[in-house]
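Accompanying notes for the structure given below.
The values are calculated or read from the model by the stated rules, or taken from the named source; none is laboratory data. Predicted, not measured: the structure shown is a model, and the values here were computed from it. Note that each Cβ is placed from the backbone with ideal geometry, even for glycine, and that neighbours are counted across all protein chains shown. Accessible surface is based on the protein model in full, side chains and every heavy atom, while ligands, DNA and RNA are left aside. Shrake-Rupley method; radii C 1.70, N 1.55, O 1.52, S 1.80 Å.
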Amino acid sequence: YSAGDYTQRGYFVFEPDIAYHRAGRPGEDAVDCLEPAVAAAAKAEPGIDSSRVGLIGHSWGGYQTAFVTSVSKTFRVGVAGAPLTDLVSMANTHYWNVGMPNQPILETSQGRMLKPFYEDMEGYVRNSPIWRSKERTAPILVAHGDADGAVDYHQGVALYNTLRRLGKPAVLLLYPGENHGLAKKTVREDYARRMRHYLDVHLKNLPA
């Protein structure tokens, strides 16, 4: 993914910050930041078509993309690389790349939940993309390496299966042997090409 590649193709690329202001609501805080950020960008740049906005993220950004595009109507399409999709099951797996359980990451690091899931089940569920799938209207492309040692690729498989069961548009890309970041040049090129095409289809009405 290259911002320059997209701007040359007529896209406006915007990278807003996320301000987390409520414990236990990481997905909802992302929505609260991204929706007004897009509105402000569209107001400042009249050339932006606010009815054709996509969201891209990887890892924690993939989680934010999966969650925000589930509940927000601001975004027409999402591309989520290695996303966390179920915070409960994620908390009970390991970050194999460094050899530690995920509870600290979910509770006191990026997740900012502050409590274990058994003390705030409602918050964990409410902020998990998979549990908000019935609300989703935006199609999503999910990509994972099947050797991901940070976010178990079954997180993406579970979201994909749930959306397909609901009859909602979703694509899953699974790259054999790839870890949390895609390493092989051919794989990176494939993902970049498919991501660009997916966005073109849903934002520029190109044929699939």
Pairs of Cα atoms farther than 18 Å apart, region 43-126, %: 51
Base-10 log of normalised Debye intensity for the chain (one unit scatterer per alpha-carbon) at q = 0.11, 0.12, 0.14 Å⁻¹: -0.50, -0.60, -0.82
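Calculate what fraction, in whole %, of the accessible area of the chain sits on carbon and sulfur atoms when a 1.4 Å probe is rolled over the protein chains.
Numbers: 5560 of 10270 Å².
The C+S portion of the solvent-accessible surface of the chain is 54 percent.
Treating only the Cβ atoms of Lys and Arg (+1) and Asp and Glu (-1) as charged, compute the dipole magnitude of the chain about its Cα centre; round to the nearest 20 debye.
Computed charge dipole of the chain: roughly 660 debye.
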More than 13 angstrom apart: percent of Cα pairs within region 161-208: 66
Residue-normalised accessible area of region 54-208, given per residue in Å² at a 1.4 Å probe: 46
Gln110-Thr7 pseudo-label distance in nm [points 7 Å out on the Cα-to-Cβ vector]: 2.6
Percent antiparallel among DSSP beta bridges (both partners in the chain, rounded to 5): 10
Cut-off 14 Å (backbone N to label point 7 Å along Cα→Cβ of Met121), residues of region 85-108: 88-89
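How much length, in nm to one decimal, is gained on full extension between Glu45 and Thr137, taken as 0.36 nm per residue of separation minus their Cα-Cα distance?
Net length gain for the segment: 30.5 nm.
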Accessible-area ranking of Trp60, Trp131, Trp96, largest first, probe 1.4 Å: Trp96, Trp131, Trp60
Cα-based Kirkwood hydrodynamic radius, region 101-208, one decimal, Å: 15.7
Residue-averaged [θ]222 nm for the chain, counting only DSSP H segments that reach four residues, each worth -39500 (n - 2.57): -12500 deg cm²/dmol
Accessible heavy-atom area order of His94, His180, highest first, probe of 1.4 Å: His94, His180
Taking all pairs of distinct alpha-carbon atoms in region 1-78, Kirkwood radius in angstrom: 13.1
Rounded to whole Hz, the Karplus (6.51, -1.76, 1.60) HN-Hα couplings of region 139-146, x for glycine and proline: x, 9, 9, 10, 10, 9, x, 7
Charge dipole (region 119-208, unit charges on Cβ, about Cα centre) - positive-most of Leu174, Leu203, Ala138: Leu203
Hypothetical label at Ala208: residues of region 129-171 whose amide nitrogen lies under 17 Å (7 Å Cα-Cβ projection): 136-143, 160-171
When the convex hull of its Cα atoms is projected in every direction, mean area for region 100-163 (nm²): 5.1
